[in-house]
Amino acid sequence: MKRSLRIPSAVVALGLAAALTAAGPTTSAAPAPAAAAKPVPTDFALFASGFGSRASGGQVPVGSGDATAYSVIGCTNRAGVARGNFVEDTALPGLGTLSGIRTRLWTAKKGRVVSSYATQRVAEVVIAQGGLGSLTLEGVRSQARAFHDGRRYRTETRSSVARIVFTPAAGDPQVLDLPAPGDPVVIPGLATIRIGSGVTKRLANGVQATTDGIDISVLPTATRTTIAHARAKIQGGANFGTFRGFSAGIRATGLDEAVKVGRTPLAILPCPGTKGKQLGNSTARVGIPDVLSARTLSTRQMGRQTQRRATAYEQGTVGRVVAADGAVILNGVVGRANVTRVGDRLIRNAKGSRIGNLVVNGEAQEFPESGVIEIPGVLKIQRGVVRRIKNGLAVVGARLTLLDGSGAVIDLGVAELQIRR
């Protein structure tokens, strides 16, 4: 149920001009909160993330929708890890200004209880300001906790706003009624404000908790802004370590802004692995105008672990690629990264990576010892680009570099994998 907030009529007349023309963020780096003790291993994969604000839709300019004070604990099985971020103040187009944005994340173990925490605090949110006064939300907070209590998975979430204040240009500030969760407040002609409510998501052998402090929709600009977002996750099965990996059929960088090709199709390896089950994605076709056409793209991945070892692979495949107006054809491009860790020993290789065949101007080509074939003024083709990375391996089945002066790079059969203790 929506209800209209009883506020002085002057608020309705407040323009958003100041918010729409405000300057960009002023940031001040802050150290991560100190861990209470030396990190200790657990049998759980732990994740936490948070940000102060993120805008979307309406009149949000390109680049203005990025999350502020973003921080993440991506994937760890250790309790006692801590991260944080702080932004002193920032201006959000279509909304107003925020100040005192602080993100704190940590993992903890107490007795048999293992937890992942994410907390967010925003000191002040100004959603309208002008010659008639200002409307301010003070003390926005949120917290998400995902944990195992020794018997089962559980979550806790909290969201709160200390107060909403209307300050006229002349006169004393007026404290307004706070919205209740699930009961949004409508400020006529200006905005809809919702107090965040926690969401629990059951995962395979785990649980995730997510909450927001507040959600603001600015009516004149059709802009939605999430304030004080917190997310925490815990999953079992990480009794040896954690996995970090992905695979894709294709990815491209350096292309014209109008042509964007991310990692497609993308498969991300779950932090604790897949329990030996093979997972993957596929797509029939990806085209890059005036450059190439790729067909039958797929990914495969697997990760399993015991108390003493962990092993995994990532594989990206492209069935057929036609480039340079049909002058270049590649069939059966595969990039595969294989990693096994036994204790502190890491075994890694790119076995299974290959190019089925390459045809240039109707003739089959054999790669020279260098693994590079160049078609002057058109493109360079590199076979099996393999790079050792910390705790793992990164592999590209075939890399195409355009020689038209753009420097664009197109990777086919992409696989990257790490196993961490």
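The values are calculated or read from the model by the stated rules, or taken from the named source; none is laboratory data. Everything numeric here is computed off the predicted structure, so don't read it as measured data. Here the Cβ positions follow ideal geometry from the backbone for every residue, glycine too, while neighbour counts run over all protein chains shown. Quick note on the areas: whole protein, heavy atoms, side chains included, nothing else; ligands and nucleic acids left out. Shrake-Rupley method; radii C 1.70, N 1.55, O 1.52, S 1.80 Å.
One residue stands out among those in the range 389-419 that are of a type outside the set (Val, Ile, Thr) and surrounded by fewer than 17 Cβ atoms within 10 Å (Cβ to Cβ): the one that is modelled with the highest pLDDT, which is Lys390. Restricting attention to the range 78-111, report how many residues are over 15 Å from Arg54 (Cα atoms) and open to solvent by less than 10 Å² (accessible area, probe 1.4 Å). Residues flagged as over 15 Å from Arg54 (Cα atoms) and open to solvent by less than 10 Å² (accessible area, probe 1.4 Å) within the range 78-111 amount to 3. Among the residues of the range 112-127, the one identified as open to solvent by 10 Å² or more (accessible area, probe 1.4 Å) and out of contact with any Gly (no Cβ under 8 Å at 6 or more places or on another chain) is Tyr117. Selection of the range 328-347 for residues being surrounded by fewer than 21 Cβ atoms within 10 Å (Cβ to Cβ) and over 18 Å from Ala398 (Cα atoms) yields Thr340, Val342, Gly343, Asp344, Arg345, Leu346, Ile347. Screening Ala408, Ala364, Ala398, Ala337 for residues that are without any contact (Cβ under 8 Å) to a residue 60 or more places away in the chain, in contact with a strand residue (DSSP E or B) (Cβ under 7 Å, 6 or more places away or on another chain) and small (Gly, Ala, Ser) leaves exactly one candidate, Ala364.
One line per residue, one yes/no per condition, for (1) of a type in the set (A, V, I, L, M); (2) closer than 30 Å to Asn239 by Cα:
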{"residue": "Thr192", "(1), (2)": "no, no"}
{"residue": "Val199", "(1), (2)": "yes, yes"}
{"residue": "Ala204", "(1), (2)": "yes, yes"}
{"residue": "Thr211", "(1), (2)": "no, yes"}
{"residue": "Thr223", "(1), (2)": "no, no"}
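It is to be established whether one or more residues within the range 219-235 are crowded, with 23+ Cβ neighbours inside 10 Å, among the hydrophobic types (A, V, I, L, M, F, W, C), modelled with pLDDT under 95 and in contact with a Leu (Cβ under 8 Å, 6 or more places away or on another chain). The answer is yes, given that some residue of the range 219-235 is crowded, with 23+ Cβ neighbours inside 10 Å, among the hydrophobic types (A, V, I, L, M, F, W, C), modelled with pLDDT under 95 and in contact with a Leu (Cβ under 8 Å, 6 or more places away or on another chain). Against the test of being within 22 Å of the chain's Cα centre (by Cα), assigned to a strand (DSSP E or B) and either farther than 30 Å from Arg145 by Cα or of a type in the set (A, V, I, L, M, F, W, C) (or both), the options Ala310, Ala238, Ala337, Ala252 yield a single qualifying residue, Ala252.
Does any residue of the range 156-169 turn out to be surrounded by fewer than 19 Cβ atoms within 10 Å (Cβ to Cβ), at pLDDT 80 or above and not in a strand (DSSP E or B)? Checking the range 156-169: not a single residue is surrounded by fewer than 19 Cβ atoms within 10 Å (Cβ to Cβ), at pLDDT 80 or above and not in a strand (DSSP E or B). Taking first residues from the range 266-283 that are closer than 17 Å to Arg336 by Cα and partners that are among the charged types (D, E, K, R) and open to solvent by less than 70 Å² (accessible area, probe 1.4 Å), the Cβ contacts under 9 Å between residues at least 6 apart in sequence or on separate chains come to Leu266/Arg251; Ala267/Glu314; Leu269/Glu314.
Among the residues making up the range 348-379, those that are open to solvent by less than 60 Å² (accessible area, probe 1.4 Å) and not in a loop (DSSP other than H, G, I, E, B) are Asn349, Ile355, Gly356, Leu358, Val359, Val360, Val372, Ile373, Ile375, Leu379.
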